[in-house]
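Asker: Sharing a structure here in structure tokens format.
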Amino acid sequence: MSRSNKMFGDKAFDLLKDLKRSAQTIPAFDDDGVRQVLEEIKAIFEENVAQASSYNSSGDRSLWPLLNYRHAALQRNKRCLLAYLYERMQRIKALRWEFGPIIPGDIKQALCEPEVQFFNNYSKSLAAYMRSVGDGQGIDLTGNLRPPKSLYIEVRCVEDYGKFELDDGEVVHLKKNSQHYLPRAQVETLVRQGILQHIA
Amino acid sequence: MFIQDLKNDFYRQLISKRILIIVNYDVDAICASKILQSLFKYDHMLYTVVPIMGVTGLRRAYNEHQGDVKYVLLVNCGGCVDIVELLQPTEDVTFYICDSHRPLDVCNVYSDRQVCILGDPALEENIPAFESIFYDSDGEDEDDDDNEEEDEAGADSGAGESDGEGDGESGEREQPARRKLSRLERHEQRVLRQRARRQWELERDRIMFDYTQFSYYGRSSALQIFELAWKLSKDNMDLLWWAIVGISEQLLLGKIESGAYTLELEHIQSHVSRLTNKTNDQNTMSASKINFENDLHLVLYRHWTVTESMRYSRYSACQLKLWTLRGEKRLHELLVEMGLPLVHARQTYSAMDLVLRKEFYTMVEQLAEKYSIPDIVYGTFTLSFGYRSRYAAADYVYALLAILQSIKKHKTPEDCFMEASDALTRQHKQLLNAGIDNAKLLHAAIFRQVQSCLEAHQVHSTGSFFYYVLQEEHAFFSYPYALALLAKFVLHGHVATTRARQAPDLPLIATCPLDAAQGMCLLVGIAPVREDSPKNFFGKAFDQAAQKSKTSLLQDFFEPSIVQLRQSDLTRFLDALTVLLT
């Protein structure tokens, strides 16, 4: 083998390590890596099938350990792939809580098609659940997971936004580098979107 | 209109309203706005803080927020310009001005509702009386109408109104008599009236000139706002410290006389002891403590080495002439006499021997007379919190100034402002420390510049003032505060070395190219050394010189003694100024 130092399962392991190391909220779906692992699994499986059939015909038991070893490698690859997908799923769920029902553009690019579907479904069920609780009025569970210390927060504008109307009709002009003291509930989304910066 | 009772007439009016705070770029203003912000936070009042630089910035900031806000507070800006005319606000907008720049614009002073100045009119000097500068414009209009009518027809109907200035009753009684006056007499009266009017105008111009001739500074805005906080019983150690930083800036930049500073010290001291007794936080880690102590006018010496701090401080350097070899020797002499080993003097102060550190102040104080640096001692406050953090008010001021000046390509002035206001809070110690490091660089650069300037005799005299021209754009000196610090150092250094007898009486003008692409340069005027009061006449002088030489001057800063000028106009402008001041 040309890649003599590569062992079975290395690729799958790399996949997981990359995911763990990535600093972003969610790294791009590693299409290539997943495909390679799948190919490896397939190759192992085919070799095993070929040898198993030869064992059937000849009854040579000397290949038993090799067969078992291959099978273990195959299982491991499978576990790694599942772990990869599961971890990504967890992160996608977290996205929903963090960013709300609409995924920001740059993050959307990192997801693959089935993942986007999952996100939408998850979002839908969460929304349906939130509507159902809270005495028929619904309650926004994503709002404050921890009770806020004060009703107002001090924010600094990081980029130009323009006029922003508060619930009581006050219009605030959000311009870069201005500092404001505003009701927490109303500007929370802007803070999440990165337009405002919360000053502790 | 002045507001004396800040609590009832200012703060209570604003509660539950939204307010726009426009803050000038200086340390005092930042401190004042920080105090205000925490007050507003306590009362859950929505506010917006916008930092601005100069008059154009003020106008832009107001226009952006126009219509949304009804209450605007100007901190350290806007007092010296006619706000109503500058911003053209709608009737329902109210401006509160908290400005330490003087003289205040008379239109602001006599505005009856729209412009409110926070402060005590008793403290203001010689504001001209209303009657002597404002003419009843209604009377004027009638006068004009009257003239036209008379010219047209000379009919009796117009004559009745000609007495527009007199009050109603006497006017009516005089009417029949008036009617009989001949056309000639009426004409005579009009001439007389015009002459009186002209005289009055001359007198008004004189009064206004006297009033606006000098620019100077009043009470620190931060201190004023702190007193509001105190009256609202919402003061605490942090607010007090910010007020102290605000007033220290005024002292260190020479904005107020040391006498005024000493008077304020007493007030502050009483606040300090009151608050210290009030807080029962005994935990060393979290408690902050403010101490009054006599300190030395040495730049950042707690965070630097003793030799460097002595060399880079204006006062000690100029008295000992530390840029010369002899000065260096004298410094060593001083150190020897103090008993401070060179090894210790050359390492960071905090690493010095504890005994030496404790005795450092007394050692310098004892020898101050002998080495003719008696004014090196002044009273100030130090803030200590945690186990290691101990800062003098001056350290804060220098650090904040350095942060304010640290404008770079990717760092806009607004970023610097925000950083400076962050550095004031105790949680952001690393910002402050970075600022202190920056300040060291700045002071070292100033000293080197002074040294090279004095060695090369670059300070020229025109007979009535000195001038010093920096030829190249400089990373530090293209900003107003740094240039002013440099100019002051140069002037004091030059006076210390020169033999000319009238040198201490002459002011200095320093210029530095601002932006090579636009060909603008920055011009700073510094009052003479011997002049005790920090009053600066350059604002008016610049204005007049510009008019005489027909150069366009950009007086955008709120400090009138700092202006911008086209580089090509510089010589013409200086010539005009020479003529004007001789």
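The values are calculated or read from the model by the stated rules, or taken from the named source; none is laboratory data. Note that the structure is a prediction, hence the values are computed from the model and not measured. Note that each Cβ is placed from the backbone with ideal geometry, even for glycine, and that neighbours are counted across all protein chains shown. These accessible areas exclude ligands, DNA and RNA; they are computed on the full protein's heavy atoms, side chains included. Shrake-Rupley method; radii C 1.70, N 1.55, O 1.52, S 1.80 Å.
Asker: Can you name every residue in the range A:113-140 that is acidic (Asp, Glu), within 29 Å of A:VAL34 (Cα to Cα) and either without any contact (Cβ under 8 Å) to a residue 60 or more places away in the chain or open to solvent by 50 Å² or more (accessible area, probe 1.4 Å) (or both)?
Answerer: Here is the first cut: in the range A:113-140, the residues acidic (Asp, Glu) are A:113, A:115, A:135, A:140.
Filter once more, keeping what is within 29 Å of A:VAL34 (Cα to Cα): A:113, A:115.
Hit for the range A:113-140 is A:GLU113, nothing else.
Asker: Separate question: Go over the candidates B:GLY379, B:GLY339 one by one and state the one that is more than 27 Å from B:ALA445 (Cβ to Cβ) and surrounded by fewer than 15 Cβ atoms within 10 Å (Cβ to Cβ).
Answerer: Working: B:GLY379 fails: surrounded by fewer than 15 Cβ atoms within 10 Å (Cβ to Cβ).
Exactly one residue qualifies, and that residue is B:GLY339.
Asker: Any residue in the range A:95-112 that is among the basic types (Lys, Arg), within 14 Å of chain B (Cβ to nearest Cβ) and touching a residue at least 40 places away in the same chain (Cβ under 8 Å)?
Answerer: Filtering the range A:95-112 for residues among the basic types (Lys, Arg) gives A:96, A:108.
Next, from what is left, pick out any that are within 14 Å of chain B (Cβ to nearest Cβ): none.
Scanning the range A:95-112, I find no residue that is among the basic types (Lys, Arg), within 14 Å of chain B (Cβ to nearest Cβ) and touching a residue at least 40 places away in the same chain (Cβ under 8 Å), so the answer is no.
Asker: Do you know which of the residues in the range B:80-96 that are assigned to a loop (DSSP other than H, G, I, E, B) and among the polar types (S, T, N, Q) is nearest to the other protein chains (Cβ to nearest Cβ)? Show your work before the answer.
Answerer: Step one: filter the range B:80-96 for residues assigned to a loop (DSSP other than H, G, I, E, B), giving B:80-82, B:88-93.
Remaining after also requiring among the polar types (S, T, N, Q): B:88, B:90.
Working: B:GLN88: 18, B:THR90: 15 Å.
Out of the qualifying residues, it is B:THR90.
Asker: List the helices (runs of 4 or more DSSP H) inside the range A:85-200, counting only whole elements, that have at least 2 residues being within 30 Å of B:THR48 (Cα to Cα). Steps first, please.
Answerer: On the way: elements: A:105-108, A:113-132, A:184-193.
Correct list: A:184-193.
Asker: Would you mind finding the one in B:ILE21, B:ILE30 that is open to solvent by less than 10 Å² (accessible area, probe 1.4 Å) and assigned to a helix (DSSP H, G or I)?
Answerer: Values: B:ILE21 fails: assigned to a helix (DSSP H, G or I).
B:ILE30 is the lone residue from the list that is open to solvent by less than 10 Å² (accessible area, probe 1.4 Å) and assigned to a helix (DSSP H, G or I).
Asker: Since B:VAL72 meets every condition but one in (1) away from every other protein chain (no Cβ under 11 Å); (2) over 21 Å from A:GLU154 (Cα atoms), which condition does it not meet?
Answerer: All conditions are met except number (2).
Asker: For residues that are within 19 Å of B:ILE52 (Cβ to Cβ) and surrounded by fewer than 15 Cβ atoms within 10 Å (Cβ to Cβ), scanning just the range A:160-200, find the one that is nearest to the other protein chains (Cβ to nearest Cβ).
Answerer: Restricting to residues being within 19 Å of B:ILE52 (Cβ to Cβ) and surrounded by fewer than 15 Cβ atoms within 10 Å (Cβ to Cβ), the top hit is A:LYS176.
Asker: Whether any residue in the range B:318-329 is under 21 Å from the mean Cα position of the chain (by Cα) and either surrounded by 20 or more Cβ atoms within 10 Å (Cβ to Cβ) or modelled with pLDDT of 90 or more (or both) is what I want to check.
Answerer: no
Results for (1) at pLDDT below 85; (2) in contact with a Ser or Thr (Cβ under 8 Å, 6 or more places away or on another chain); (3) open to solvent by 40 Å² or more (accessible area, probe 1.4 Å), shown as yes or no for each residue.
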{"position": "B:VAL495", "(1), (2), (3)": "no, no, no"}
{"position": "B:GLN544", "(1), (2), (3)": "no, no, yes"}
{"position": "B:PHE558", "(1), (2), (3)": "no, no, no"}
{"position": "B:ILE562", "(1), (2), (3)": "no, no, no"}
{"position": "B:ASP569", "(1), (2), (3)": "no, yes, no"}
{"position": "B:ALA576", "(1), (2), (3)": "no, yes, no"}
{"position": "B:LEU581", "(1), (2), (3)": "yes, yes, yes"}
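Asker: Filtering the range B:40-59 down to residues that are part of a helix (DSSP H, G or I) and facing another protein chain (nearest Cβ under 10 Å), which residue is surrounded by the fewest Cβ atoms within 10 Å (Cβ to Cβ)?
Answerer: Initial filter on the range B:40-59 (part of a helix (DSSP H, G or I)): B:40-42, B:54-59.
When the remaining residues are screened for being facing another protein chain (nearest Cβ under 10 Å), the result is B:40-41.
Details: B:PHE40: 22, B:LYS41: 16.
Per the criteria, the residue is B:LYS41.
Asker: Exactly one of (1) touching a residue at least 24 places away in the same chain (Cβ under 8 Å); (2) within 13 Å of chain A (Cβ to nearest Cβ); (3) assigned to a loop (DSSP other than H, G, I, E, B) is unmet by B:CYS77. Its number?
Answerer: The number of the failed condition is (2).
Asker: Right, something else. Name the single residue that is nearest to the other protein chains (Cβ to nearest Cβ) among those in the range B:412-433 being in contact with an Asp or Glu (Cβ under 8 Å, 6 or more places away or on another chain) and open to solvent by 50 Å² or more (accessible area, probe 1.4 Å).
Answerer: B:HIS428
Asker: Taking the range A:14-44 as the region of interest, how many residues are without any contact (Cβ under 8 Å) to a residue 24 or more places away in the chain, in a helix (DSSP H, G or I) and either crowded, with 17+ Cβ neighbours inside 10 Å or of a type in the set (A, V, I, L, M) (or both)?
Answerer: Counting residues in the range A:14-44 that are without any contact (Cβ under 8 Å) to a residue 24 or more places away in the chain, in a helix (DSSP H, G or I) and either crowded, with 17+ Cβ neighbours inside 10 Å or of a type in the set (A, V, I, L, M) (or both) gives 2.
Asker: Name the residues in the range A:91-104 that are closer than 25 Å to A:LYS20 by Cβ and not β-branched (Val, Ile, Thr), would you?
Answerer: Filtering the range A:91-104 down to residues closer than 25 Å to A:LYS20 by Cβ leaves A:91-99, A:103-104.
Listed by number, the residues that qualify are A:ARG91, A:LYS93, A:ALA94, A:LEU95, A:ARG96, A:TRP97, A:GLU98, A:PHE99, A:PRO104.
Asker: How many residues does the range B:1-22 hold that are farther than 22 Å from B:LYS234 by Cα and within 14 Å of chain A (Cβ to nearest Cβ)?
Answerer: First pass over the range B:1-22, keeping only residues farther than 22 Å from B:LYS234 by Cα: B:1-2, B:22.
With within 14 Å of chain A (Cβ to nearest Cβ) added as a condition, the list becomes B:22.
Number satisfying all stated conditions: 1.
Asker: Which of the following residues is over 30 Å from B:THR279 (Cα atoms) and touching a residue at least 60 places away in the same chain (Cβ under 8 Å): B:VAL343, B:VAL299, B:VAL336, B:VAL355? I'd like the intermediate steps shown before the answer.
Answerer: Details: B:VAL343 fails: touching a residue at least 60 places away in the same chain (Cβ under 8 Å); B:VAL336 fails: touching a residue at least 60 places away in the same chain (Cβ under 8 Å); B:VAL355 fails: touching a residue at least 60 places away in the same chain (Cβ under 8 Å).
Checking each option against the conditions leaves just B:VAL299.
Asker: Looking only at residues that are surrounded by fewer than 16 Cβ atoms within 10 Å (Cβ to Cβ) and polar (S, T, N, Q) in the range B:434-465, which one is modelled with the highest pLDDT? Show your work before the answer.
Answerer: Going residue by residue through the range B:434-465, those that are surrounded by fewer than 16 Cβ atoms within 10 Å (Cβ to Cβ) are B:437, B:441, B:448, B:452, B:455-457, B:460-461, B:463-464.
Next, from what is left, pick out any that are polar (S, T, N, Q): B:452, B:461, B:464.
Working: B:SER452: 91, B:SER461: 88, B:SER464: 85.
This residue is B:SER452.
Asker: Among the residues of the range B:60-73, which ones are open to solvent by 10 Å² or more (accessible area, probe 1.4 Å) and within 26 Å of B:LEU401 (Cα to Cα)?
Answerer: Within the range B:60-73, the subset open to solvent by 10 Å² or more (accessible area, probe 1.4 Å) is B:60, B:63-64, B:66-68, B:70-71.
Once the filter is applied, which keeps residues that are open to solvent by 10 Å² or more (accessible area, probe 1.4 Å) and within 26 Å of B:LEU401 (Cα to Cα), the range B:60-73 yields only B:ARG60.
Asker: Can you pull out the residues in the range B:240-256 that are farther than 17 Å from B:SER288 by Cβ and open to solvent by 10 Å² or more (accessible area, probe 1.4 Å)?
Answerer: If the condition is that a residue be farther than 17 Å from B:SER288 by Cβ and open to solvent by 10 Å² or more (accessible area, probe 1.4 Å), then B:LEU251, B:LEU252, B:LEU253, B:GLY254, B:LYS255, B:ILE256 are the ones that fit.
Asker: Looking at the range B:12-25, which of its residues are modelled with pLDDT under 90 and either of a type in the set (Phe, Trp, Tyr) or over 20 Å from B:ASP120 (Cβ atoms) (or both)?
Answerer: In the first step, residues of the range B:12-25 are kept if they are modelled with pLDDT under 90; the result is B:12-18, B:25.
Within the range B:12-25, B:ILE15, B:SER16, B:LYS17, B:ARG18, B:TYR25 qualify.
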